[in-house]
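The values are calculated or read from the model by the stated rules, or taken from the named source; none is laboratory data. Not measured: the values here are computed from a predicted model. Cβ coordinates were reconstructed from backbone atoms using ideal geometry, including for glycine residues, and neighbour counts include every protein chain displayed.
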Amino acid sequence: MADLLARILHTVTSHGYTPIKAKPLFKRLNLGEDQYPEFRKTVRELVRTGRLAVGRNQTIRAADPHGTVTGIYRRAPAGHGFVRPHAVDGTFKPDVYIREDKGLDAATGDEVLVRVTRAATHIKDAAGEVLRVLERATRTFVGTYFERAGEALVRVDGTLFSHSVAVGDPGAKGAKPQDKVVIEMLRFPTPDRRGEGVITEVLGPHGDPGVDTISVIRAFGLPEAFPESALDEARQAASQFDESDLGGRTDFTGDLVVTIDPPDAKDYDDAVSVTIDPDTKHWVLTVHIADVGAFVRPGGALDTEARKRATSVYLPQKVIPMFPEVISNGLASLQQDRVRYVKTVRMEFTPGLQRAEVGFFNGAIRNRRRFTYDEVQAVLVELGGGGHRPTVDRGQRTEDSKQEEPNSSSALTSDSCPLSSDLVAMIRRMRDLALLLRKKRFKRGALELEMPEAVLEYDANGRVSGAHFAEHNLSHQIVEEFMLAANEAVAEHFSRFEVPFLRRVHPAPNEEKLEAFAQFTGLLGYRIKRPQDRFELQRVLAETADKPERAAIHFALLRSLKQAAYSPIQDEHYALASQDYCHFTSPIRRYPDLQVHRLLDRWIKHGTASADLAELTALGEHCSKMERRAETAERELVKSKILTHLSGRLGEQFDAVITGVADYGFFAQAETMPAEGLVHISSLVDDYYWYDDMGHALEGRKTRRRFRLGDRVKVEVARVDVQRRMLDFRLANAPRPAEADDAPSYGVKPRVVRKNNKRRRD
């Protein structure tokens, strides 16, 4: 159907097309008579979704591009919403603003048909109204059950809906007040009507161990148990695997190969080796990736389930894998001292970092050593130059790397275990090559946004006892650079031979977005003359990397960029400054990588490969959607666990940085804790504050005290609403408003006078 849909759209939207009725259009497409029912069904679907229109005399024509669009709706906490239109021929249209009373009963994630009532300009967003909800993202929601005036209600988690949902008779399914429950929505809420639903499952009392995790799993519809047919196929593959049978593969088992992963990793899908050719003096980087495809038959039960999941989901203390553990943690995992099948990319680089030769192989390796990032970092520190941003001159090796094999007496230790001299020498080579690749990548304009990942800390009972930001040091950068190099090598190979493949694309941002970003940084003292110049952006990111305003500036640029996605359409990866890029290095946890592996396998065996463009397009859209679902689920659970932890620590103080300013207060990010909270303007009782939106600041009318984006402040935890995922800070040691201990600040009317009447978009 996808291919037929593409053909119909291509014909109707082509230059010179004159609207005709359905039957003549069918004949023009040269389709068989047996395809007519599918053709009519496809045309009706295109009309229903607003991509085609029916004109006078039932003629088929292209829909007015400015009249209606289809896209994904998302609701803002304030009630209004935005629709992100679907890409058309790889082109993305601007978001459409939807007023609260124009959104019908659309919920976040729904696919909707929108009439555009105002086109986007460089000053205003596009605006429109929802005509119809085409497809619900879900009818299943998770919330907290309560009763009021004899009525059973559920307050859905987050800010999806403004009001609670009626769920029929009290005590249904044995639900008790404060239980977390799953509901199926029967009637979606509108601005003037409460929703109606039915309880389908009681998860347990709010706050009980594990209830938060299962709540997120249910809320996002994440898969859990594998079908028995998939498990049987995995067990059969395991029973047939023989480490001594290399099956005609290139034998790399004698090479020095290592893996570097987090200490709690279970699946190891990439291994590396770095040598220097004694004759040419070329760097030789070999990247071995777990050959999952060797155990997963296309179209089989394992493949069908993996394609459906599209990605592994990494939740705190729980992983929902894309493949059963017998595959992900066993057969395919590149375990230490075990022979494993791999897809191999061997890249040679001249001393000046020009790629000299690339080879692709179906191979087999024996992993010599499983390193953790911390172990490698400890070795790098002992070697010297193991800091966060060490550099070496482009095109030159350090003196350390010229010494191929250190004396055995110089062998270092890792985690109380001595390392052999050949391992130490290779870590040294890995460091030097990675730094050269990294420097070359930045020289071509790559951007590095520092958005640290939250790491949760647990007590002996498995409860969150704290949290901190993950470190991203040189050991991480080594692996990152080598994986980027392998991904690019594969993508460039397929592009060179015009083989369609599933790319990882990151389209360039709109110029208007970059202009707005430049205005924003200028207010903070970082002038950008040419916002479209990626080197100007790179400079500002580097200058603010260790400044208080880092989080605000890096996040502001992130919001200015478009979202990365999977697509077979030729496009750049803007952040990496790469014209050809794909995901190849994580097939255990990402289905797009497996798709690329299968193409490469055909090329290695037959010297040719091909793929259906329409099929790849549909697969890319599905995988992009599943990836966003997984990322959002992880983010929501981490936030929930951090807020639950903070709910028992009211009054705890943090040094923080102001990351956002609005007319109702300012947001502050704790410097040592991954938590951002709102300091509501109602808590600033020492003065009446003006909101200067051009200066991104609140200013006291009498005291002239200013709270400006990027300023450091000391805050304390005031209130926590775990269910709505909201956190209130207040200034530490500041006078408290009379109502501070009685009512939450969410929704309190701001006591503020504006200097500038222009409102900012939420």
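Tabulated data for the structure shown
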| read-out | value |
| --- | --- |
| Whichever residue in region 718-754 is modelled with pLDDT of 90 or more and more than 22 Å from Pro77 (Cβ to Cβ) and, among such residues, is farthest from the chain's Cα centre (by Cα) | Ala732 |
| Lone qualifier among Arg115, Arg84, Arg139 - being under 30 Å from Leu222 (Cα atoms), at pLDDT below 90, touching a strand residue (DSSP E or B) at 6+ places or on another chain (Cβ under 6 Å) and among the charged types (D, E, K, R) | Arg84 |
| Test: residue in region 270-283 that is under 23 Å from the mean Cα position of the chain (by Cα), closer than 19 Å to His583 by Cβ and assigned to a strand (DSSP E or B) | yes |
| Count - residues of region 207-264 that are part of a loop (DSSP other than H, G, I, E, B), within 17 Å of Met322 (Cα to Cα) and touching a residue at least 40 places away in the same chain (Cβ under 8 Å) | 7 |
| Matching option when the condition is under 30 Å from Cys582 (Cα atoms) and modelled with pLDDT under 95, among Glu621, Glu671 | Glu621 |
| Residue satisfying condition, being among the hydrophobic types (A, V, I, L, M, F, W, C) and over 30 Å from His206 (Cβ atoms), within set Val142, Val181, Val112, Val165 | Val112 |
| Residue match in region 578-587 (condition: among the aromatic types (Phe, Trp, Tyr) and out of contact with any helix residue (DSSP H, G or I) (no Cβ under 9 Å at 6 or more places or on another chain)) | no |
| Whichever residue in region 489-504 is hydrophobic (A, V, I, L, M, F, W, C) and in contact with a helix residue (DSSP H, G or I) (Cβ under 9 Å, 6 or more places away or on another chain) and, among such residues, is nearest to Ala609 (Cα to Cα) | Val499 |
| Residue in region 293-305 that is outside any loop (DSSP other than H, G, I, E, B) and surrounded by fewer than 18 Cβ atoms within 10 Å (Cβ to Cβ) present | yes |
| Residue tally, condition farther than 24 Å from Leu541 by Cα and part of a helix (DSSP H, G or I), over region 489-528 | 8 |
| Candidates Asp179, Asp212, Asp192, filtered to the one that is more than 13 Å from Thr140 (Cα to Cα) and in contact with a Gly (Cβ under 7 Å, 6 or more places away or on another chain) | Asp179 |
| Whichever residue in region 554-604 is among the polar types (S, T, N, Q) and closer than 20 Å to Phe497 by Cβ and, among such residues, is modelled with the lowest pLDDT | Gln570 |
| Residue in region 119-128 that is at pLDDT 85 or above and in contact with a helix residue (DSSP H, G or I) (Cβ under 9 Å, 6 or more places away or on another chain) present | yes |
| Residue satisfying all of: in region 465-523; under 30 Å from Arg649 (Cβ atoms) and either in contact with a strand residue (DSSP E or B) (Cβ under 8 Å, 6 or more places away or on another chain) or of a type in the set (Ser, Thr, Tyr) (or both); surrounded by the most Cβ atoms within 10 Å (Cβ to Cβ) among these | Ala467 |
| Residue that is surrounded by the most Cβ atoms within 10 Å (Cβ to Cβ), among those in region 700-716 that are over 16 Å from Ser683 (Cβ atoms) and more than 36 Å from the chain's Cα centre (by Cα) | Arg701 |
| Filter result for Ala556 (under 17 Å from Phe520 (Cβ atoms), buried (at least 22 other Cβ atoms within 10 Å of the Cβ) and not assigned by TED's automatic domain parsing to the domain that holds Tyr341) | no |
